[in-house]
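Everything on this sheet refers to the single structure shown next.
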Amino acid sequence: MGTFNFNRDVNAGIIGDNGTINIGQQDTAAETLRLAAELAQWLRDQGAAPSRIEAAEVLRGELDRAAQERRAAEPGVIRRSLETITLGLGAGSGGLALAQEISRLLGN
């Protein structure tokens, strides 16, 4: 017999379509897109390298397209973008916190 640890209360409210179990906040697409835009602006305000700003725009664009097309965001695009953005960001920085929250919301 297997044991599954969901790290939260398991109840009927987390069971989704096609037998998918959803833990936590359910409508995260808009929140994730808002955070991605905030991250891109934070990078611009900090005078970040153009490659980081471009990665933030790629991230935001993929999240926007995925939401419009009602599909999951492409994991490879998300992962590469977040890696480029976070490389060298200081621990505890606002940018790192935003990137980590985006990653958490996307389940990466």
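The values are calculated or read from the model by the stated rules, or taken from the named source; none is laboratory data. These figures come from a predicted structure and were not determined experimentally. Note that we place each Cβ from the backbone using ideal geometry, even for glycine, and neighbour counts take in every protein chain shown. All accessible areas refer to the heavy atoms of the entire protein, side chains included, with ligands and DNA or RNA removed. Shrake-Rupley method; radii C 1.70, N 1.55, O 1.52, S 1.80 Å.
Looking at the range 80-108, which of the residues that are open to solvent by 90 Å² or more (accessible area, probe 1.4 Å) and touching a helix residue (DSSP H, G or I) at 6+ places or on another chain (Cβ under 9 Å) is nearest to residue 36 (Cα to Cα)? Break it down stepwise before answering.
Step one: of the range 80-108, the residues open to solvent by 90 Å² or more (accessible area, probe 1.4 Å) are 80, 83, 87, 91, 100, 104, 108.
Those left that are additionally touching a helix residue (DSSP H, G or I) at 6+ places or on another chain (Cβ under 9 Å): 80, 83, 87, 100, 108.
Numbers: 80: 14, 83: 14, 87: 16, 100: 11, 108: 15 Å.
Filtering the range 80-108 for residues that are open to solvent by 90 Å² or more (accessible area, probe 1.4 Å) and touching a helix residue (DSSP H, G or I) at 6+ places or on another chain (Cβ under 9 Å), the one nearest to residue 36 (Cα to Cα) comes out as 100.
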Criterion violated by residue 13 - all others in (1) over 17 Å from the mean Cα position of the chain (by Cα); (2) modelled with pLDDT of 85 or more; (3) assigned to a helix (DSSP H, G or I) satisfied: (2)
Within the range 58-71, residues assigned to a helix (DSSP H, G or I) and either in contact (Cβ under 8 Å) with a residue 40 or more places away in the chain or open to solvent by 60 Å² or more (accessible area, probe 1.4 Å) (or both) come out as 58, 59, 60, 65, 68, 69
Return the residue satisfying two criteria in turn: it lies in the range 43-53 and is touching a residue at least 12 places away in the same chain (Cβ under 8 Å) and open to solvent by 60 Å² or more (accessible area, probe 1.4 Å), and of such residues it is farthest from residue 106 (Cα to Cα). 46
Which residue out of 34, 71, 60, 44 is over 16 Å from the mean Cα position of the chain (by Cα) and among the basic types (Lys, Arg)? 44
Condition first: at pLDDT below 90 and among the charged types (D, E, K, R). Now tell me which residues in the range 29-73 satisfy that. 31, 34, 70, 71
Can we say residue 85 is modelled with pLDDT of 85 or more, part of a helix (DSSP H, G or I), under 9 Å from the mean Cα position of the chain (by Cα) and closer than 20 Å to residue 51 by Cα? no
